[in-house]
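Have a look at the structure below before the remarks.
The values are calculated or read from the model by the stated rules, or taken from the named source; none is laboratory data. Keep in mind the model is a prediction, meaning the values are calculated, not measured. Positions of Cβ are backbone-derived with ideal geometry, glycine not excepted, and every protein chain shown enters the neighbour counts.
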Amino acid sequence: MFTGIVQFFYPDIKKEDVKKVALLGLGFLFTIGAYWLLRLLKDVVLYKVAFPVELGWPAGYGREWGATIKLYSPWIVLGVVAIYTKLIDMFEKHKLFYIIGTFYATGFSFMAAVLYFQETFGAAYVGSTLLAITGLGGYLMVESLGSVLVALFWSFTISSTTTEQAKSSFPFIVALGQIGSIGLSGFMLLGLPTWGMYLVSSVFLICLMFTIKYLMASIPATQMKGSGKEEKKKKPDFFGGIKLLLTQPYLMGVLVVSTFYEIAGTIVDYSMKSQASEILSKADFSWFQGVYGLSVNSLAFAMALLGTSTIMKKFGVRVCLLVYPTAFAVSLFALYGYYFHTPTAMNLLWATFAVMLVVKAASYAVNNPVKEMMYIPTSKDAKFKTKGFIDMAGNRSAKGAGAVINTNLVVPKNYAASLQNLMLYGSLIGLGIIGLWIMAAIYVGKKNTQLVKDGEIIE
């Protein structure tokens with residue numbers, strides 16, 4: 001029955017591949033479910049919990065940290081990349097899930113304990129220093145989780161998938177992931193304690209580990225092989241991924257396609273959260289975050305279920321690579337024009353929300369599965385090490401670049417001037433970045449088509 005349901009929506013998935021694809025999808029559900037709940041919570045904790053006024057912090061101090069904390073993220077992630085690259089040479093790829101999952105599940109459980117005492121006995125009981133560390137450290141932890149665990153999942157998936165299997169199965173895997181993110185984003189609307197939601201995220205990470213363990217035990221090794229020529233065994237090379245990136249124009253193009261959207265996205269995202277933090281109370285801000293997560297992932301789920309596979313089959317990956325930057329540019333230009341109509345603060349917030357809704361949904365449903373397919377005609381070092389570097393250091397560096405822009409546009413203790421700069425100059429900068437991104441997407445799409453046609457790999 002389950003196989004019939006899957007093949008009804010995704011008829012191109014072969015019957016013998018359904019179990020493998022379903023388990024990968026379930027693993028992605030736990031990965032993205034935990035990550036989305038955590039990414040929504042990190043802003044609530046940073047903006048509204050970590051720097052309480054009653055402990056002597058200035059009003060809005062957390063919001064101002066929101067503009068600059070991403071500057072520190074790339075440096076944290078560089079350390080994570082170094083550890084991750086070393087682990088790749090030391091352990092089988094599926095075992096990395098157990099190591100990384102255990103680390104983050106333990107860390108977020110500790111955060112849950114701190115927030116439990118804060119919510120039960122008050123901020124003074126915990127102390128300003130520990131609360132600040134929890135807010136800032138927890139934020140950076142979630143940022144690194146979004147890089148390392150999602151990158152690991154897709155590296156593991158593309159290494160066990162052919163190009164044809166990817167076209168049929170990746171939209172299904174993404175759709176299951178969106179179910180997880182929809183469900184856990186909805187937790188934000190239930191009024192549950194913050195510490196309890198951190199515990200739920202830890203449980204999801206534990207479930208991910210058990211899913212991967214069952215996958216490896218139940219799926220034959222012959223079904224876990226990807227496409228491409230057989231590779232010769234190589235000596236461990238810590239810098240192998242970076243060398244490939246610097247010497248292969250194709251991978252450099254993938255870097256641009258995979259990261260540049262984060263620069264523009266960080267500008268708009270901070271603008272939205274800054275507006276929400278200024279207008280809304282803690283409870284309403286938490287509710288807004290929940291609505292945002294639920295809306296983005298519901299739209300992404302609908303697109304992944306009904307549209308992504310059709311677009312891939314009808315237009316191919318070259319066109320799909322251009323769908324997202326085009327949608328982003330149109331949405332950003334519309335927001336730029338709307339700002340000049342002097343909307344109310346609440347209307348502008350919801351207009352910015354609408355832009356982020358379109359941008360994020362298109363990213364998860366269309367851009368993410370397509371950009372992951374760009375790694376299929378590459379070597380294992382490229383799939384794990386280069387991809388790991390791009391998704392972690394490259395992605396966070398792009399967000400850091402967006403944070404630098406935000407920092408230079410924000411006027412301390414002057415919300416109105418900051419918002420004006422973000423809307424006017426931030427939008428124009430974002431449109432310029434999208435132009436460069438589109439040029440890279442055209443090159444990568446053309447090169448990928450040729451590699452798949454010739455049966456070659458980048459190594």
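Between residues in region 89-103 that are free of Cβ contacts under 8 Å to residues at least 24 places away in the same chain and more than 12 Å from Ser159 (Cβ to Cβ) and residues that are charged (D, E, K, R) and in a helix (DSSP H, G or I), which pairs lie under 9 Å by C-beta distance while being six or more apart or on different chains? Partner pairs satisfying both residue conditions: none exist.
So which residues in region 379-410 are of a type in the set (Val, Ile, Thr) and under 12 Å from Gly265 (Cα atoms), if there are any at all? Step through it out loud before you land on a result.
First, the residues of region 379-410 that are of a type in the set (Val, Ile, Thr): 386, 390, 404-405, 407, 410.
If the condition is that a residue be of a type in the set (Val, Ile, Thr) and under 12 Å from Gly265 (Cα atoms), then Ile405 is the only one that fits.
For region 350-371, enumerate the residues that are crowded, with 24+ Cβ neighbours inside 10 Å and among the charged types (D, E, K, R). Within region 350-371, Lys371 is the sole residue that qualifies.
Candidates are the residues of region 192-237 that are within 25 Å of the chain's Cα centre (by Cα) and part of a loop (DSSP other than H, G, I, E, B); the one that is modelled with the lowest pLDDT is Gly226.
One line per residue, one yes/no per condition, for (1) within 23 Å of Ala82 (Cβ to Cβ); (2) surrounded by 24 or more Cβ atoms within 10 Å (Cβ to Cβ); (3) among the hydrophobic types (A, V, I, L, M, F, W, C):
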site	(1), (2), (3)
Tyr98	yes, no, no
Met111	no, yes, yes
Thr120	no, no, no
Thr129	no, no, no
Thr134	no, no, no
Ser144	yes, no, no
Lys167	no, no, no
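Test each condition in (1) within 16 Å of the chain's Cα centre (by Cα); (2) among the aromatic types (Phe, Trp, Tyr); (3) more than 30 Å from Val444 (Cα to Cα) for Phe288 and report the one that comes out false. Every condition holds for Phe288 apart from (1).
Would you mind stating whether Leu409 is on the phi < 0 side of the Ramachandran plot and either modelled with pLDDT under 80 or surrounded by fewer than 21 Cβ atoms within 10 Å (Cβ to Cβ) (or both)? Full working, then the answer.
Values: on the phi < 0 side of the Ramachandran plot: yes; either modelled with pLDDT under 80 or surrounded by fewer than 21 Cβ atoms within 10 Å (Cβ to Cβ) (or both): no.
So Leu409 does not fit the description; no.
Sub-7 Å Cβ pairs linking a first residue in region 355-373 that is modelled with pLDDT of 80 or more to a second residue that is among the acidic types (Asp, Glu), at least 6 apart or interchain, are Met356/Asp269, ordered by first then second residue. Reported count of residues in region 58-96, each being surrounded by fewer than 22 Cβ atoms within 10 Å (Cβ to Cβ), more than 22 Å from Ala417 (Cα to Cα) and aromatic (Phe, Trp, Tyr), is 3.
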